[in-house]
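Okay, so here's the structure we're looking at.
The values are calculated or read from the model by the stated rules, or taken from the named source; none is laboratory data. In this text the structure is predicted, and so the values were computed from the model without any measurement. Neighbour counts are summed over all protein chains in view; Cβ atoms, including those assigned to glycine, are modelled from backbone coordinates with ideal geometry.
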Amino acid sequence: MRLTDNDFQLFDLPEQQAQERAGIDARWKALQAEVHPDRFAAEGAAAQHLAMQWAMRVNEAHQRLRDPLRRAAYLCELRGAPVQAENNTQMPAAFLMQQMEWREALDDADGEAALQALDGDAAQAETTALATLQRLLDDANDAFAAASLVRALMFIQRFRADIDQRLAALDA
């Protein structure tokens, strides 16, 4: 292991979108057991400091790999197609129309049932987009199309979070 290894190399996983969460979590636990700073207490401050760097690196990689959207964005970056969500908001026209329709529906939603139905639609779109994302990255090796889809998925996740906030406000 080297600190410069990418997350997949660090976790000894194939560089692909399709991953088993249980496998990622198991590898994280094993790596944490290897690099935990407490294991190096008798070796002095320098060894503990290095172990702390390793533990942080392993935790960072785990956070990226366990989340399908973050994993996809990371794969896009590794393949030369960074998502650049803060600078690149380009989306297909059909998705932009869908966003506008969802936002209007959210503004018009007048109760829990309407919000739940809207969340169901967004959840289905998210599931479909994640499956497409996996095909783009693992089968078609099209990181540029995948990066565009990652940006769309980021919107869907933010939209679902907005729905959750509206639902929580109803409970308050």
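Structure notes:
- Residues of the stretch 67-102 that turn out to be touching a residue at least 24 places away in the same chain (Cβ under 8 Å) and either among the charged types (D, E, K, R) or more than 22 Å from THR132 (Cα to Cα) (or both), as a count: 2
- The residue list LEU115, LEU13 contains one member that is outside the structural domain of ALA143 (by TED's automatic domain parsing), aliphatic (A, V, I, L, M) and modelled with pLDDT of 95 or more, which is LEU13.
- Neighbours by Cβ (under 9 Å, 6+ apart or cross-chain): first from the stretch 54-66, of a type in the set (Asp, Glu); second in a helix (DSSP H, G or I) and modelled with pLDDT of 95 or more: GLU60/ASP7
- Residue list for the stretch 1-18, restricted to those being crowded, with 18+ Cβ neighbours inside 10 Å and not hydrophobic (A, V, I, L, M, F, W, C): ASP7, GLN17
- ALA143 vs. criteria among the small types (Gly, Ala, Ser), outside the structural domain of GLN32 (by TED's automatic domain parsing) and under 23 Å from GLN17 (Cα atoms): yes
- Among the residues of the stretch 73-87, none qualifies, meaning not one is of a type outside the set (A, V, I, L, M) and farther than 25 Å from LEU149 by Cα.
- Residue ID - modelled with the lowest pLDDT, chosen from residues in the stretch 71-98 that are part of a helix (DSSP H, G or I) and loosely packed, with under 15 Cβ neighbours inside 10 Å: ALA93
- Hey, ILE156 crowded, with 16+ Cβ neighbours inside 10 Å and farther than 17 Å from ARG70 by Cα or not: no
- Residues in the stretch 37-73 that are touching a helix residue (DSSP H, G or I) at 6+ places or on another chain (Cβ under 6 Å) and over 30 Å from THR127 (Cβ atoms): PRO37, PHE40, ALA47, GLN48, ALA51, MET52, TRP54, ALA55.
- Residue in the stretch 35-44 that is more than 24 Å from MET154 (Cα to Cα), touching a residue at least 24 places away in the same chain (Cβ under 8 Å), among the aliphatic types (A, V, I, L, M) and surrounded by 18 or more Cβ atoms within 10 Å (Cβ to Cβ) present: no
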